[in-house]
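Novice: Below is one structure. I have some questions about it.
The values are calculated or read from the model by the stated rules, or taken from the named source; none is laboratory data. Fair warning: this is a prediction, and the values are worked out from it, not measured in the lab. Ideal geometry is used to build each Cβ from the backbone, glycine not excepted, and the neighbour counts take in all protein chains shown.
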Amino acid sequence: MGWLYDSGAAPGWFDVVSFILTVAGFIIAYVQLRRTRRAAAAATSALQAAQRSLSHRAVLAAIPQYQSVLADLSHTLPANDSATTQRVLVRFGLMARETTGVVTGMDGDFDALIRLLTKTSRAATRVKSQLATTVDPDVTQIVKNLSRDIETLTQDLTELASTLRNTLEGQDDVH
């Protein structure tokens, strides 16, 4: 067993070079690990900023669509046009569900807006079904309350869009 470990032998130059290279390797590995950790943190931060920006832009892009729904309803209700109103309500319901998903993922307290989006989306589905199953419906009477809720929702989204548009990216509480 003496050939495995010789306690009386002094380290040679090869042993010293090996030790120095081993220590240098550990130092290089440690430095690279720290750089990797910083790069991962920076990438995560950039990804979060991009996600915030995309969510903000999605809300901004949705506003004209909601305004279009209101304009379409203002034409279909006086005409008592059930078929077109149903199509508008389906379009609105899909938009509201998509907007709910976008707003849910945003930083901030948007619980009231999310509840309003969910409420109006469900109401649009119910009203659309009611219009579809009623013979010769009074479209204005059936859609009146929902139309008011859609208008309130559109105003709330427009207010949120204004806030998002005037917020400096990366700055807390700066409007």
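Novice: Report yes if Asp107 is of a type in the set (D, E, K, R) and either on the phi > 0 side of the Ramachandran plot or not in a helix (DSSP H, G or I) (or both), otherwise no. Outline the logic, then answer.
Specialist: On the way: of a type in the set (D, E, K, R): yes; either on the phi > 0 side of the Ramachandran plot or not in a helix (DSSP H, G or I) (or both): yes.
Here the answer is yes, as Asp107 does meet what is asked.
Novice: Still on this model: Working only within region 20-51, note down all residues that are under 36 Å from the mean Cα position of the chain (by Cα) and among the small types (Gly, Ala, Ser).
Specialist: Correct list: Ala39, Ala40, Ala41, Ala42, Ala43, Ser45, Ala46, Ala49, Ala50.
Novice: Inspect region 43-58 for any residue being buried (at least 18 other Cβ atoms within 10 Å of the Cβ) and β-branched (Val, Ile, Thr) and give the result as yes or no.
Specialist: no
Novice: Being without any contact (Cβ under 8 Å) to a residue 40 or more places away in the chain and surrounded by 13 or more Cβ atoms within 10 Å (Cβ to Cβ) is the filter here, so list the residues in region 102-115 that pass it.
Specialist: Of everything in region 102-115, those that are without any contact (Cβ under 8 Å) to a residue 40 or more places away in the chain and surrounded by 13 or more Cβ atoms within 10 Å (Cβ to Cβ) turn out to be Thr104, Ile114.
Novice: Among the residues of region 59-99 satisfying the criterion of being small (Gly, Ala, Ser), surrounded by fewer than 16 Cβ atoms within 10 Å (Cβ to Cβ) and under 25 Å from the mean Cα position of the chain (by Cα), which is modelled with the lowest pLDDT?
Specialist: Among residues in region 59-99 that are small (Gly, Ala, Ser), surrounded by fewer than 16 Cβ atoms within 10 Å (Cβ to Cβ) and under 25 Å from the mean Cα position of the chain (by Cα), the one modelled with the lowest pLDDT is Ala61.
Novice: A follow-up question, please. On the given criteria, is Thr118 in a helix (DSSP H, G or I) and surrounded by 15 or more Cβ atoms within 10 Å (Cβ to Cβ)?
Specialist: Taking the combined requirement at face value, the residue does not satisfy it.
Novice: Continuing with this model, one more query. Hey, among Ala61, Ala83, Ala96, Ala79, which residue is within 14 Å of Thr158 (Cβ to Cβ) and either of a type outside the set (Lys, Arg) or outside any helix (DSSP H, G or I) (or both)?
Specialist: Going through Ala61, Ala83, Ala96, Ala79 in turn, the sole match is Ala61.
Novice: Quick check on Ile20: is it modelled with pLDDT under 95 and closer than 18 Å to Thr154 by Cβ? Let's see the steps before the verdict.
Specialist: Values: modelled with pLDDT under 95: yes; closer than 18 Å to Thr154 by Cβ: no.
It is false that Ile20 is modelled with pLDDT under 95 and closer than 18 Å to Thr154 by Cβ.
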